Amino acid sequence: MPKPKLFIPGPVDISPATYEAMCAPMIGHRGPDFEELYSSIQPGLQQIACTTRPVFLSTSSAWGVMEGAIRNLVQQKVLNLCCGAFSDKWFDVAQRCGKKAEKIQVEWGTPLDPDSVRSRLAEGGFDAVTLVHNETSTGVMNPLAEIADVVNEFDDVLLIVDSVSSFSAVPIATDQLGIDLLLAGVQKAMALPPGLSVFVASEAALARAESTPDRGYYFDFLEFARNHGKNNTPSTPSISLLQGLDAMVASILKEGLPNRYQRHAENNALVHQWVEERGFAHFAPEGYRSRTLTAVANNQEIDVPAFVKTVREKHNFLINGGYGKIKGRTFRLSNMGNETPESMKELLAALDDVLPEFV
Ligand SMILES: *Cc1c(COP(=O)(O)O)cnc(C)c1O
């Protein structure tokens, strides 16, 4: 079968320019060529992450840093804010790391409520909170600024934020919001192949790590900080991905961040319009909908797996038939990465071509 163009919420379609950048000659990672590559990526990544802090580069998928955040930053007890597959899993991972963890659980498709975070933290005993900004499984974008304000009311509680599927597509004011750990994988809105994550640690986060035992080695944030001082990474990084990242960061800055945010918003609005005009509904409530993907509620009870299969077979586009326990009750259309209004319209036309067989 020919490989389809990806409209799943990660990995997404990769541009020829990115593939080309990744085919640059290999370089050694302990030497000036690598130091130059590493330092050339920094200023752009800092702009995208809205930070003056270093942006560390981890050769792992996002879960590596998500687990690392627990191991480096939780000493007493973590509060996991759970609203979908990824955020729920973080609670599980915290326990697997041997940490004390409690959760606020809301129903999938619902955003987290800042007031409930405040009352839970007021009970005391917590030293960290995990939040998934854009819950990719449900298409919910949580109120990051409001929740950050609440967490900042509590001294010594660190805010750990997963922006995996929103990073570079919507503004995230890392420093201004007082986010202590911001992390993202590159295979979502950054449109790179998977295998690399970026993260920013606040001064408070690094200070916490210093007194946290059993941080391990591969995801020890202090190792990243030490090596950053030498424009380097603790262990051999995925150099080809960094070469791709260097080119992607340059292309994002060339597009301009405001334009990039606007393009994602426009692409997303096209999908929303399609959802509404075709008689479907949104799985996420108004005001809390992701701008990088759309989780469509299957209110018309179409055969989602067959729909996904037919779209692929007839048009060579791959969409997603829903995640985990909401498979089939939802399907997801991604607009993240390099998509344009034209490419989104091609996808929507393909869906229109196939849909009449199913409703
Ligand atoms: C994809 C995703 C992850 C997991 O990323 P991996 O690359 O599989 O480790 C975590 N959080 C969110 C919100 C995601 O969309």
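The values are calculated or read from the model by the stated rules, or taken from the named source; none is laboratory data. Bear in mind the structure is a predicted one, so any value in this text is a computation, not a measurement. All Cβ positions, even for glycine, are placed from backbone atoms using ideal geometry, and neighbour counts span all protein chains on display. With ligands, DNA and RNA removed, areas are computed over all heavy atoms of the protein, side chains included. Shrake-Rupley method; radii C 1.70, N 1.55, O 1.52, S 1.80 Å.
The alpha carbons of the chain stretch over 60, 54, 33 Å along the principal axes, in descending order.
Express the carbon and sulfur contribution to the solvent-accessible surface of the stretch 16-253 as a percent, rounded to the nearest whole number, probe 1.4 angstrom. Answer for the stretch 16-253 is 51 percent, counting heavy atoms of protein chains only.
Rank 55, 186, 308 by mean-square fluctuation in a GNM of the chain with C-alpha springs under 10 angstrom and give only the top-ranked residue. Greatest mean-square fluctuation among the candidates belongs to 308.
Report the Stokes-Einstein translational diffusion coefficient (µm² s⁻¹, integer) for the stretch 128-234, Rh taken as the Kirkwood radius over Cα pairs, at 25 °C with viscosity 0.890 mPa s. The estimated diffusion coefficient comes to 166 µm²/s. Among the listed pairs 5/188; 5/254; 3/309, a Cα-Cα separation exceeding 20 Å is found for 5/254. Cβ-Cβ distance of residue 119 and residue 173, R₀ of 25 Å, FRET efficiency by 1/(1 + (r/R0)^6): the value works out to about 0.50. Pairs of alpha carbons in the stretch 225-338 separated by more than 21 Å make up 54% of all such pairs. Close amide-amide hydrogen proximity is noted between residue 101 and 78, each under 5 Å apart and 5 or more residues distant or on a separate chain (H modeled in the peptide plane; Pro and chain starts excluded).
With the helix formula -39500 (n - 2.57) applied to DSSP H stretches of n ≥ 4, the chain reaches a computed 222 nm mean residue ellipticity of -12500 deg cm²/dmol. For residue 282, the residues whose amide H sits under 5 Å from its own are 297, ignoring neighbours fewer than 5 places away on the same chain, with H placed 1.01 Å from N. Listed by chain and number, the aspartates and glutamates placed with their C-alpha closer than 17 angstrom to that of residue 103 are 67, 88, 92, 113, 115, 123, 127, 135, 162; residues fewer than eight positions away on the same chain are left out. Each Lys or Arg adds one and each Asp or Glu takes one away; over the other residues whose Cβ falls under 12 Å from the Cβ of residue 75, this sums to +2.
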